[in-house]
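What follows is a short report on a single structure.
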Amino acid sequence: MRSNDEIINLLSDLKEKQHISLSELARRVGMAKSALSRYFNKTREFPLNNIDAFAKALNTTPEYILGFEDKKSKSGIDNKNQIIDITNQLNLRRQRAVLKFAIKQLDEQRQENKNVITFPNKHNTTTIEVDGVLSAGVGEYLDDNSEPFSVTVPAPVPDNYDYAFKINGSSMEPYYHDGQVVFIKKVGQYRDGQTVAAIYDGCAYLKRLAVDDDGYATLVSLNPDYPNVRIDDKEGMKLLGVAFS
């Protein structure tokens, strides 16, 4: 696997060869330009949870970016041939294990496709500026220098929201999905069980707020495949607001 510096150097090379500006790449991957600059300046580690978005934006594959394949082709033919070759070398018991895993992956893919919304025509959508990206995963860096960017969303949009954020990750499925835009409303008080936009330890999250009897808070992931975020320093957490129902 490539090191962080090697990944950034490769992405820079792909970006330059395809004449893609930093602003355009930020738009394609759904990330603020200021945050993207930190990765390319190597002041922050490349977000491996976003590898698929970068591969799609730069017309390559996650495997190529990470250094697991030599070719940049998106056809997947080489991968398929390799899978077939390896499977043919396995005994029957291991082939059944591979088949079971492949069926599980196909089922997950079909479930993901159910969440894709196709807009019938341009009259059903509108373009808005969002304030940044919230992680429905393990954390999305967000600070006061993060720049808004434009996205297309279903119309009409709420007229009384305070923030709009694009979601990165799947920790809040089945209620909130990767790539979806969530609208946030400021409130005076927060209650246990609300879905909130929160900044903690320099990262922005969309999570379910859980408060125990002792007053300690946890940012909870609805998807059990993702960890919760335990708040050890309540003074260090900033709640931006509550997600619209």
task = Hand me the list of strands (runs of 3 or more DSSP E) wholly inside the stretch 143-233 holding 3 or more residues that are surrounded by fewer than 15 Cβ atoms within 10 Å (Cβ to Cβ).
result = 149-154
ask   = Being modelled with pLDDT of 65 or more, part of a helix (DSSP H, G or I) and under 27 Å from Gly169 (Cα atoms), is that true of even one residue in the stretch 76-96?
value = no
inquiry  = I'd like the full set of residues that are in a loop (DSSP other than H, G, I, E, B) and either at pLDDT 90 or above or surrounded by 12 or more Cβ atoms within 10 Å (Cβ to Cβ) (or both), limited to the stretch 1-12.
reply    = Arg2
query = Out of the stretch 37-52, which residues are farther than 15 Å from Glu63 by Cβ and acidic (Asp, Glu)?
reply = Glu45
task = Inspect all residues belonging to the stretch 55-67 and state whether any of them is touching a Pro at 6+ places or on another chain (Cβ under 8 Å) and either surrounded by 13 or more Cβ atoms within 10 Å (Cβ to Cβ) or closer than 25 Å to Gln180 by Cβ (or both).
result = yes
request  = Scan the stretch 13-38 for residues that are farther than 20 Å from Val151 by Cβ and surrounded by 14 or more Cβ atoms within 10 Å (Cβ to Cβ) and jot them down.
outcome  = Leu14, Lys15, Arg38
Unmet criterion (only one of (1) more than 23 Å from Ala35 (Cα to Cα); (2) in contact (Cβ under 8 Å) with a residue 24 or more places away in the chain) for Ala198 = (1)
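The values are calculated or read from the model by the stated rules, or taken from the named source; none is laboratory data. A quick note: this is a predicted structure, and the numbers were derived from the prediction, not measured. Backbone-built Cβ (ideal geometry, glycine too); neighbour counts: all protein chains shown.
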